[in-house]
């Protein structure tokens, strides 16, 4: 990155955050603190109002904004494609916001650039299948977004596919502190602290019913407000599954979210996963049928065996 680009990037970095120390900026731009000191001085001399507070770092004076930015073809294309994709995944309010942002970006482009971006945008397509009851999900998203912003506790009815103790599904009432909304494989999940389980859990929106907003509020955990990629929630259960060689290719095409290692062996494809709860991967394991063999832990192997016996029993005696 040349110096001109770095100076602009420093301004954008300071605009996006309250304060940045010299060592933080040096780490971000892979340079020395001495270089950052010179860059900050250059910005100040050019009229950018950078405020320095000893021990706290640098910040832009309140009210300072950059003049309108210009975009390259790849930058504008990515922004517009991103708005198209987001418009497919959110409720009506955010869908309209994404489309309005796209119109503003497109309208600000020079004519020649606009034509190139339009051509690429029309020929790079994301297809995202919508949920069966989209209107119901959009209402949930709208409500949950508001509770996350207001830090309000909620109560709802939740349908579990596999119970934690007996392997059977069930319906429970959950009271939670809603922290995040996560879209995974086109399925919305609520990340929340569950008072029943006394830990952070993921809840699929399509299994949530009868949401009730409570009067009580909560404080978000420090690690959520100050995320550190090195300190993610542990997944203590190590799972190893051996897959038959003939399905190795298809398995690698659709990897599991919890997969951490994939090793080819003479007996087949050895997959290692790290999970928090055994039921998290039960449907996935059963979906591979006889092609998958759980090596460890033994409790998961017993769980799969029990389910297989129950399936066999259901078919016995049928003509």
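Could you grab me the full set of residues in the range 240-269 that are part of a strand (DSSP E or B), surrounded by fewer than 17 Cβ atoms within 10 Å (Cβ to Cβ), touching a residue at least 12 places away in the same chain (Cβ under 8 Å) and touching a helix residue (DSSP H, G or I) at 6+ places or on another chain (Cβ under 8 Å)?
264
Have a look at 98, 59 and point out the one that is surrounded by 15 or more Cβ atoms within 10 Å (Cβ to Cβ) and within 30 Å of residue 139 (Cβ to Cβ).
Result: 98 is the single residue among 98, 59 that is surrounded by 15 or more Cβ atoms within 10 Å (Cβ to Cβ) and within 30 Å of residue 139 (Cβ to Cβ).
I'd like to check something: does the range 134-150 contain any residue that is surrounded by 14 or more Cβ atoms within 10 Å (Cβ to Cβ), outside any helix (DSSP H, G or I) and modelled with pLDDT of 80 or more?
Scanning the range 134-150, I find no residue that is surrounded by 14 or more Cβ atoms within 10 Å (Cβ to Cβ), outside any helix (DSSP H, G or I) and modelled with pLDDT of 80 or more, so the answer is no.
Please indicate, with yes or no, whether at least one residue in the range 36-48 is in a loop (DSSP other than H, G, I, E, B), in contact with a helix residue (DSSP H, G or I) (Cβ under 9 Å, 6 or more places away or on another chain) and assigned by TED's automatic domain parsing to the domain that holds residue 15.
Scanning the range 36-48, I find at least one residue that is in a loop (DSSP other than H, G, I, E, B), in contact with a helix residue (DSSP H, G or I) (Cβ under 9 Å, 6 or more places away or on another chain) and assigned by TED's automatic domain parsing to the domain that holds residue 15, so the answer is yes.
Checking residue 18 against (1) part of a helix (DSSP H, G or I); (2) closer than 30 Å to residue 142 by Cβ: exactly one of these is not met. Which one?
Residue 18 satisfies every listed condition except (1).
Within the range 282-310, can you find the residues that are surrounded by 14 or more Cβ atoms within 10 Å (Cβ to Cβ), touching a strand residue (DSSP E or B) at 6+ places or on another chain (Cβ under 6 Å) and not in a helix (DSSP H, G or I)?
292, 293, 294, 295, listed by residue number.
Of the residues 6, 19, 34, 38, which single one is surrounded by fewer than 16 Cβ atoms within 10 Å (Cβ to Cβ) and touching a residue at least 12 places away in the same chain (Cβ under 8 Å)?
The unique qualifying residue is 19.
Within the range 212-239, take every residue that is more than 25 Å from residue 277 (Cβ to Cβ) and at pLDDT 90 or above and give me the one that is surrounded by the fewest Cβ atoms within 10 Å (Cβ to Cβ).
215
Could you check, for the range 174-184, whether at least one of its residues is surrounded by fewer than 16 Cβ atoms within 10 Å (Cβ to Cβ), within 22 Å of the chain's Cα centre (by Cα), farther than 30 Å from residue 299 by Cα and at pLDDT 80 or above?
yes
The values are calculated or read from the model by the stated rules, or taken from the named source; none is laboratory data. Since the model is a prediction, treat every value here as computed from it, not as a measurement. Cβ sites come from the backbone with ideal geometry, for glycine too, and all protein chains shown count toward neighbours.
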